[in-house]
Amino acid sequence: MTHVRTALVLIDLQRWIVDMPWRPVGGDTVVEACGRLRDHFTDQDASTVVLVRYVRADGADGGVSAAPNQLVPGCAPRAGDHLVTKNGLDAFEGTELADVLRREQVTEVVIAGLSTAHGVASTTATALRLGYDVVVAEDATASVDEAQHREALDRLTALGARTARVADLTAARAAGE
């Protein structure tokens, strides 16, 4: 039996992004769902938590120390978390994410955050190409409209990702499944 080590990867939960209009649920609902996932995964021995934030490569947004680029309070880094800063959509591109997952011996990645059609989709596609089992927490992500959200999830499923609801992810993992 293969040992499964899971990483929870939370994408772009910065106030300026969270406050944008999202569908099918708002940014604060996504943050709350991501917080439930994070609390659950933090309690698991075989889990890694990676927080991803976006900053502009040219520094025009003030860089990593600028207030708008800080993660929302419920998703701020905790002891043991990994913080990855990206300059584009894909959390793997130009970052240490692949090294973190390899070092932590991760085999499965659960991805959530904003937005389904952008950061979540591009990061999921790369994780699949790298050979990870990937689950997208469908109710812990959103897009500019519900159709775009659904299309992105359908596209990711066609590529090989699975989707699941937060309650199902936390219940299955709590039961040891």
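Using 0.36 nm per residue and subtracting the Cα-Cα separation, the extra length available between ASN87 and ASP133 on full extension is 14.1 nm. Cα-based radius of gyration for region 7-145, normalised by 2.2 N^0.38 Å, reads 0.95. Computed from phi, the 3J(HN,Hα) profile of region 22-32 under the Karplus parametrisation 6.51, -1.76, 1.60 (θ = phi - 60°) reads 10, 9, x, 10, x, x, 5, 5, 4, 4, 4 Hz, with x in place of Gly and Pro. Taken along the Cα-to-beta-carbon direction at a fixed 7 Å, the label points for ALA79 and ALA67 span 3.0 nm. Dividing the radius of gyration of the alpha carbons in region 1-64 by their Kirkwood radius gives 1.08 for Rg/Rh. Computed from phi, the 3J(HN,Hα) profile of region 98-108 under the Karplus parametrisation 6.51, -1.76, 1.60 (θ = phi - 60°) reads 4, 5, 4, 5, 5, 4, 7, 6, 6, 10, 10 Hz, with x in place of Gly and Pro. Could you please state how large a percent of the accessible area of region 16-121 is carbon and sulfur, counting protein chains only and using a 1.4 Å probe? Roughly 51 percent of what the probe reaches on region 16-121 is carbon or sulfur. Taking a ≥ b ≥ c as the square roots of the eigenvalues of the Cα gyration tensor, region 26-108 is classed as oblate, since a/c reaches at least 1.5 and a/b does not exceed b/c. Taking each DSSP H run with n ≥ 4 as -39500 (n - 2.57) and averaging over every residue of the chain yields -9500 deg cm²/dmol at 222 nm.
The values are calculated or read from the model by the stated rules, or taken from the named source; none is laboratory data. Source: prediction; values computed, not measured. Note that we place each Cβ from the backbone using ideal geometry, even for glycine, and neighbour counts take in every protein chain shown. Only protein heavy atoms, including side chains, enter the accessible area calculation; ligands, DNA and RNA are left aside. Shrake-Rupley method; radii C 1.70, N 1.55, O 1.52, S 1.80 Å.
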